[in-house]
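*Asks:* Sharing a structure here in structure tokens format.
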Amino acid sequence: MSMASAQTGSATGFATQNGGTTGGEGGATVQASTGTEIHRALCERASTSTPIIIEVSGTINHGNTSKVSGDSCDTADDVIELKNISNVSIVGTGSGAVFDELGIHIRGSENIVIQNVTVQNVKKSGSPTSNGGDAIGMEADVRNVWVDHVTLQASGGESEGYDALFDMKNNTRYVTLSYSILRDSGRGGLVGSSESDRSNGYVTYHHNLYENIDSRTPLLRGGVGHTYNNHFAGIQKSGINSRAGASVKVDNNYFEDSKDVLGTFYTNERGTWEVDGNIYDNVTWSSEGDKNYPAGPNPQSTTSVSIPYSYELDDAGCVPEVVAQTAGAGKGNRVSDGDCEASDPDPVDPDPTDPDPTDPDPTDPDPTDPPSGTNLSIGAGADGSSKASGTSYGNVVDGDMGSYWSPTGSTGRISVKWGSDTTVSSINIREAAGAEGNIGSWRVVDHDSGDVLTSGSGAGVITFAPTSLRKIDFEVTSSNGTPRVAEFETYAGS
């Protein structure tokens, strides 16, 4: 997919406050394909506040990023330095803009937009180093920053030389991170560098994917945060860490295959939260103890957080699909319209004018009758998000209705996988005896691409456009009892 060719959209969240965030809107547009050219564009402006949009393409790295001097800039080697300036946009264009092992440092600046770029593998130790190991770092009286449709990624944690993906310190306020991907890092990001650094805040995080992160998604010390419609997958140690007097509104997020996704961790100086509409899918919780105060296993609000701006909420059940389609660089800066509603989780209450669901039309096929052809699941592999005691992923591909898989909770994912591309156009989800009707709403997903093939409610035969894939997911997003899938059959024909 080609990347957007210019800054698009308008700031959202807390970046709309304090006069708003427009970046270089209204100023000259300049192209750059090296870090030195980015610095030169800043330095050749009439003043430190002259609006400018810098359209970036290609790979920005240590070899092409040098200090440039001028009255309207304060730059440095080996880092993109936005220091003591205002009214600047950096926008990725062309076939891609990648900041490779090179961080973006915002210091003493305001009204900054960063859109549609990838920043990866920025190190604080080892070689080469840049920006203290932060992909994007803000500090020292920063105001009004909108970071949108970016991909921030590392290749490990502190022991591998990396620090954080998105940090705010020393009086940084009115920031929004939207439609972005943060992954494969020990640390997502923090707001406040220490328990005494409480001058930061008013930060919004929405429609982002946090994937394979150890902790800090984010960590907030003091201030106010708002996190909504984000997808958290594979949070290893702790997630949203509200501490040192911080408060955070957490609504309509989807937490999946993660641990301790909300609470106060690693300190006794506690923070607070307001929760509403979130989904916790295979989330585990530690026990409360010294310097460890998880919000779960049944998260409840401990404060009320006032949000001064308007925003549209997607249903939490839609969030994985919406975020997969919109978040990250190279997605054409697509956004959600806020109208996504999850499938009705109550399939047992049909319209009274509908025919009796227990008396189907005799010409309709029995929903438990398999489609024609060979069941491709026999001999295939299987895995999932979790499995209850006594059950196995492999039970859904063994051809035996007497064995089954159940998730550890009321929702979960079961997958069938092959060693090579396999075309599938229908599946048959067969519930175990005694559990018929337990499955509520669901999604069928191409695991590798994240594309949602179809969604609905109730088990049985499910058809969709023929798709070539190596792994297909059946995600139970609501249930009327413990789901028990005896067989997950797959077919090339309908």
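*Asks:* Looking at the range 249-279, which of the residues that are in contact (Cβ under 8 Å) with a residue 60 or more places away in the chain and not in a loop (DSSP other than H, G, I, E, B) is nearest to PRO308 (Cα to Cα)?
*Replies:* Filtering the range 249-279 for residues in contact (Cβ under 8 Å) with a residue 60 or more places away in the chain gives 251-254, 256-257, 267, 269, 279.
Filter once more, keeping what is not in a loop (DSSP other than H, G, I, E, B): 251, 254, 256-257, 279.
Details: ASP251: 15, TYR254: 23, GLU256: 29, ASP257: 32, ILE279: 25 Å.
Here the answer is ASP251.
*Asks:* Given the criterion within 25 Å of the chain's Cα centre (by Cα), open to solvent by less than 20 Å² (accessible area, probe 1.4 Å) and closer than 23 Å to SER199 by Cα, identify the matching residue among GLY133, GLY157.
*Replies:* None of the other options fit; the residue is GLY133.
*Asks:* Only residues that are farther than 25 Å from GLY96 by Cα, under 15 Å from the mean Cα position of the chain (by Cα) and among the acidic types (Asp, Glu): list them for the range 314-343, please.
*Replies:* Scanning the range 314-343 gives ASP314, ASP315.
*Asks:* Is one or more of the residues making up the range 445-458 closer than 17 Å to SER410 by Cα, open to solvent by 30 Å² or more (accessible area, probe 1.4 Å), at pLDDT 90 or above and not in a loop (DSSP other than H, G, I, E, B)? Let's see the steps before the verdict.
*Replies:* To start, the set of residues in the range 445-458 that are closer than 17 Å to SER410 by Cα comprises 456-458.
In the following step, the residues that additionally are open to solvent by 30 Å² or more (accessible area, probe 1.4 Å) were identified as 457.
Those left that are additionally at pLDDT 90 or above: 457.
Adding the requirement that they be not in a loop (DSSP other than H, G, I, E, B) leaves 457.
Yes, some residue in the range 445-458 is closer than 17 Å to SER410 by Cα, open to solvent by 30 Å² or more (accessible area, probe 1.4 Å), at pLDDT 90 or above and not in a loop (DSSP other than H, G, I, E, B).
*Asks:* If the Cβ limit is 7 Å and pairs must be 6+ apart or interchain, which residue in the range 16-36 that is open to solvent by less than 20 Å² (accessible area, probe 1.4 Å) pairs with which residue that is at pLDDT below 95?
*Replies:* Short answer, once both residue conditions are applied: GLY23/GLN7.
*Asks:* Anything in the range 203-229 that is closer than 22 Å to PRO407 by Cβ and either surrounded by 22 or more Cβ atoms within 10 Å (Cβ to Cβ) or of a type in the set (Asp, Glu) (or both)? List them, or say none.
*Replies:* Result: LEU209, TYR210, GLU211.
*Asks:* Is one or more of the residues making up the range 40-49 under 20 Å from GLY132 (Cα atoms) and either in contact with a strand residue (DSSP E or B) (Cβ under 6 Å, 6 or more places away or on another chain) or in a strand (DSSP E or B) (or both)?
*Replies:* no
*Asks:* Scan the range 245-289 residue by residue and report those that are hydroxyl-bearing (Ser, Thr, Tyr), farther than 22 Å from GLY412 by Cα and crowded, with 24+ Cβ neighbours inside 10 Å. Break it down stepwise before answering.
*Replies:* As a first pass, look at the range 245-289 and keep what is hydroxyl-bearing (Ser, Thr, Tyr): 247, 254, 258, 264, 266-267, 272, 280, 284, 286-287.
Filter once more, keeping what is farther than 22 Å from GLY412 by Cα: 247, 264, 266-267, 272, 287.
Once the filter is applied, which keeps residues that are hydroxyl-bearing (Ser, Thr, Tyr), farther than 22 Å from GLY412 by Cα and crowded, with 24+ Cβ neighbours inside 10 Å, the range 245-289 yields only THR264.
*Asks:* If you go through the range 301-321 one residue at a time, do you hit one that is open to solvent by 60 Å² or more (accessible area, probe 1.4 Å), touching a Lys or Arg at 6+ places or on another chain (Cβ under 8 Å) and without any contact (Cβ under 8 Å) to a residue 40 or more places away in the chain?
*Replies:* no
*Asks:* Against the condition within 15 Å of the chain's Cα centre (by Cα) and among the charged types (D, E, K, R), how does ASP290 come out, does it pass?
*Replies:* no
*Asks:* Quick check on the range 398-408. Is at least one of its residues surrounded by fewer than 21 Cβ atoms within 10 Å (Cβ to Cβ), touching a Phe, Trp or Tyr at 6+ places or on another chain (Cβ under 9 Å) and not in a loop (DSSP other than H, G, I, E, B)?
*Replies:* no
*Asks:* Within the range 225-272, can you find the residues that are among the hydroxyl-bearing types (Ser, Thr, Tyr) and within 25 Å of LEU313 (Cα to Cα)? Before you say what the answer is, go through the steps one by one.
*Replies:* Filtering the range 225-272 down to residues among the hydroxyl-bearing types (Ser, Thr, Tyr) leaves 227-228, 238, 242, 247, 254, 258, 264, 266-267, 272.
Passing the criteria: THR227, TYR228, SER238, SER242, SER247, TYR254, SER258, THR272.
The values are calculated or read from the model by the stated rules, or taken from the named source; none is laboratory data. Computed from a prediction, not measured in an experiment: that's the story for all the values here. We place every Cβ from the backbone using ideal geometry, glycine too, and count neighbours over all the protein chains shown. The area values use the complete protein model at the heavy-atom level, side chains included, leaving out ligands, DNA and RNA. Shrake-Rupley method; radii C 1.70, N 1.55, O 1.52, S 1.80 Å.
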